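Heads up, the thing below is written out as structure tokens.
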Ligand code: HGY
Ligand code: MN
Ligand code: MN
């Protein structure tokens, strides 16, 4: 069977060009959601979408859609991901899926192909959640799981609000969130873990996304003199934060399996060498593919924190930043990825996603699935994130094959 194929060189050039935006001195990228760098990236994507003749719409939460007309005005097949990055972002997380989608549409243009269904390319706002929690904010609003007012009111770690920042960068769009109803959704993404590379496989057919629990803990102790305060009189917020971080690691180790736990942000006040920290602010990220186990991990941590706080005479306020149950993609979508990969002579396996994605939100409104390509060294959220061109091209061809299959 002959296949339309993507133009790998064009995809690589677009990735290079786009990654000049927010480029970090030592490599990698920082395009935090709704920052000036994010705006520059958005502007470039819109320009490229228009060059391809796509009908561009931006919704009120800043989601960008490029629509390629179909022979019939039916609900579109949607593909997409995100273009925002974490602070130490790589070149592919999110962006690869969006630009591979753009490349697939341009390849259809080159082939003069008409699909029965329209095809929509989506770039969702604030997938990373590093600056504004929760993550996948744009797709959450798109599927109606979060109101626009609530989303606009969210304050970032720098105190700015989503609404103000969207208006500031000019992406509080006119379209109603959710106006575009996807017939089905596929997201192409780097694996961000070691499995495909370890097994020498080209494609991952993603079975689902693990559950996620993000919380922010504010520990109020008592600042004091590092030299003159006897240990028995201390209410040391730094020590309590450190014990909590060790507990997070212990839970992950004792649970084993897919359980992971991370303390990503930890700030001490006043943060001075000779002052006992009066306050600590920290985040805890717990994930598991099994919901009851995730709840168990959360309960274990909460019990530990309560007992520790009582013992150390500190108060701990816990604020949930995000909480999503695991998501399983429909069998038809998972097997379709493997069928298309096989038809193109590509090796593949099924696997769960350790990272969160917009696809887990889209799964609430339409049949959704994901395609993974290998990450060298399983590295991501790191400036050294890398995927070899052959794998980038293979993933984009599978995405094109899925579009053709779903849109015909
Ligand atoms: O945190 C995540 O899993 C995603 O990268 N936002
Ligand atoms: Mn991502
Ligand atoms: Mn990410």
Quiz prompt | Listed peptides 14-20, 102-108 by packing density, highest first (mean Cβ within 10 Å) | solution = 102-108, 14-20
Quiz item: Given R₀ = 22 Å, FRET efficiency for residue 320-residue 249 by Cβ-Cβ distance, to 0.05?
Solution: 0.60
Self-check item: Degrees separating the helix 331-343 axis from the principal Cα axis of the chain, which is the longest one
Solution: 60 degrees
Practice problem: Can you tell me the order of 173-179, 132-138 when each peptide is scored by its average per-residue count of other Cβ atoms within 10 angstrom, highest first? | Solution: 132-138, 173-179
Quiz item: So how tilted is helix 237-255 from the main axis of the chain? Cα-based, degrees 0 to 90, rounded to 10.
Solution: 50 degrees
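Assuming a ≥ b ≥ c are the square roots of the Cα gyration tensor eigenvalues, decide whether region 76-195 counts as rounded (a/c under 1.5), prolate (otherwise, with a/b larger than b/c) or oblate.
Oblate shape, in that a/c is at least 1.5 and b/c is the bigger or equal ratio.
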Quiz item: Can you give the extra length, in nm with one decimal, that the chain gains between residue 349 and residue 113 once fully stretched, where that is 0.36 nm per residue apart less the Cα-Cα distance?
Solution: 82.0 nm
Self-check item: Two-site FRET efficiency, residue 242 against residue 332, from Cβ-Cβ distance with R₀ of 56 Å, rounded to 0.05
Solution: 0.70
Quiz prompt | Expected-Rg normalisation [2.2 N^0.38 Å, Cα atoms] applied to region 293-336 | solution = 1.89
Practice problem: Would you kindly state how much longer the chain becomes between residue 145 and residue 267 on full extension, computed as 0.36 nm times their sequence separation minus their alpha carbon distance, in nm to one decimal? | Solution: 40.8 nm
Self-check item: Listed peptides 207-218, 374-385 by packing density, highest first (mean Cβ within 10 Å)
Solution: 207-218, 374-385
Quiz prompt | Shape box of region 211-323 [Cα atoms, principal axes, largest first, Å] | solution = 48, 22, 19
Practice problem: State, to one decimal in nm, how far the label point of residue 295 lies from the label point of residue 3, with both points 7 Å from Cα in the Cβ direction. | Solution: 4.2 nm
Quiz item: With the chain treated as a Gaussian network of Cα nodes joined by springs under 10 Å, which of 189, 357, 235 yields the largest mean-square fluctuation?
Solution: 235
Practice problem: Rounded to the nearest 500, what is the 222 nm mean residue ellipticity of the chain from helices alone, with -39500 (n - 2.57) per DSSP H run of 4+ residues and division by all residues? | Solution: -11000 deg cm²/dmol
Quiz item: In whole angstrom, how far apart do the alpha carbon centroids of region 181-210 and region 82-99 sit?
Solution: 15 Å
Quiz item: Relative contact order for the chain: what is it in percent, counting Cα pairs under 8 Å that are at least 6 residues apart?
Solution: 23 percent
Practice problem: For a label point 7 Å from the Cα of residue 198 along Cα→C-beta, name the residues of region 329-358 whose backbone N is under 15 Å from it. | Solution: 349-355
Quiz item: Using the scaling law 2.2 N^0.38 Å as the reference, what is the normalised Cα Rg of the chain?
Solution: 1.04
Practice problem: Pull out a ≥ b ≥ c, the square roots of the eigenvalues of the alpha-carbon gyration tensor of region 328-408, then state rounded if a/c is under 1.5, prolate if not and a/b is larger than b/c, and oblate in the remaining case. | Solution: oblate
Quiz item: So what's the angle, to the nearest 10 degrees on a 0 to 90 scale, between helix 95-110 and the longest Cα principal axis of the chain?
Solution: 10 degrees
Quiz prompt | Rounded, prolate or oblate (a/c below 1.5 giving rounded, otherwise prolate when a/b exceeds b/c) for region 131-232 by Cα gyration tensor | solution = oblate
Quiz item: Can you give the FRET efficiency for residue 233 and residue 160, using 1/(1 + (r/R0)^6), R0 = 41 Å, r = Cβ-Cβ distance, to the nearest 0.05?
Solution: 0.55
Exercise. Note the full-extension length gain between residue 10 and residue 306 as 0.36 nm times their separation in residues minus their Cα-Cα distance, in nm to one decimal.
Key: 101.0 nm
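All of the numbers you see were taken from the coordinates with simple rules; none came from a lab. What you see is a predicted model; the values in this text were computed from it and never measured. A quick note on method: Cβ atoms are made from the backbone with ideal geometry, for glycine too, and the neighbour counts reach across all protein chains shown.
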